[in-house]
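Here is the structure we will look at.
The values are calculated or read from the model by the stated rules, or taken from the named source; none is laboratory data. Not measured: the values here are computed from a predicted model. Cβ atoms come from the backbone with ideal geometry, glycine included; neighbour counts cover every protein chain shown.
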Amino acid sequence: MPDRLPAPEECLREMAATLRQRLPASNGEQPLLVGIQRGGVWIARHLCRLLELSDTPSELNIAFYRDDFSRIGMHPRVRPSRLPPTVEGRRVILVDDVLYTGRTVRAALNELFDFGRPHSVTLAVLIDRGDRELPIQADVVGHHLRLGKTEQVRLHGPEPLRLERVRQM
């Protein structure tokens, strides 16, 4: 039987608590919070408030770095990434909504490294639904969710955030 969908607020509180434990280890330097467009940006904004960070989260658009255009097509509204001129030496928290195959994160890392070589990258996701195609794991997870092979979970937002279970045909 599939798991129930959690409230996004519960997941965000869990993520913020885990990140708070990790932040002191960064020698007082504020991390660079980077949300993967679209849902990851929404989550990064919420985390920024919960963690009381002063910098606005950066935004990463991975549209041109994806390897699955033939399967999913190109998103018609491509927005530019909004990052500092360099991420060289920064501690980056990369934020996404749902971790599934790992392909989105792979594309995000490719683009992120085009802006420089960060000191470290911590992956934080609202939902980890398993079934990877690539060897990528999140460091911070709001909720682990089991879904059937024909199911997806989508995040709606930005305010309020809402999760929806969707069946594929």
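A few points about this structure:
- Number of the condition not met by LEU123 [criteria: (1) surrounded by 20 or more Cβ atoms within 10 Å (Cβ to Cβ); (2) in contact with a Ser or Thr (Cβ under 8 Å, 6 or more places away or on another chain)]: (2)
- Failed criterion for GLU164 (all others in (1) acidic (Asp, Glu); (2) within 17 Å of ALA44 (Cβ to Cβ); (3) in contact (Cβ under 8 Å) with a residue 60 or more places away in the chain hold): (2)
- Cβ pairs under 9 Å, 6+ apart, first in segment 82-94 and under 10 Å from LEU32 (Cβ atoms) and assigned to a loop (DSSP other than H, G, I, E, B), second of a type in the set (Val, Ile, Thr) and modelled with pLDDT under 90: none
- Of the residues in segment 139-162, at least one is part of a loop (DSSP other than H, G, I, E, B), among the acidic types (Asp, Glu) and modelled with pLDDT of 95 or more.
- Selection status of ALA25, at pLDDT below 95 and farther than 30 Å from THR150 by Cβ: yes
- Residues that are free of Cβ contacts under 8 Å to residues at least 60 places away in the same chain and in a helix (DSSP H, G or I), drawn from segment 106-132: ARG106, ALA107, LEU109, ASN110, GLU111, PHE113, ASP114
- Screening segment 133-168 for residues that are in contact with a Ser or Thr (Cβ under 8 Å, 6 or more places away or on another chain) and over 22 Å from VAL34 (Cα atoms) and picking the one that is surrounded by the most Cβ atoms within 10 Å (Cβ to Cβ) gives GLU133.
- Looking across segment 140-156, the residues that are out of contact with any helix residue (DSSP H, G or I) (no Cβ under 8 Å at 6 or more places or on another chain) and not basic (Lys, Arg) come down to HIS144, LEU145, LEU147, GLY148, THR150, GLU151, GLN152, VAL153, HIS156.
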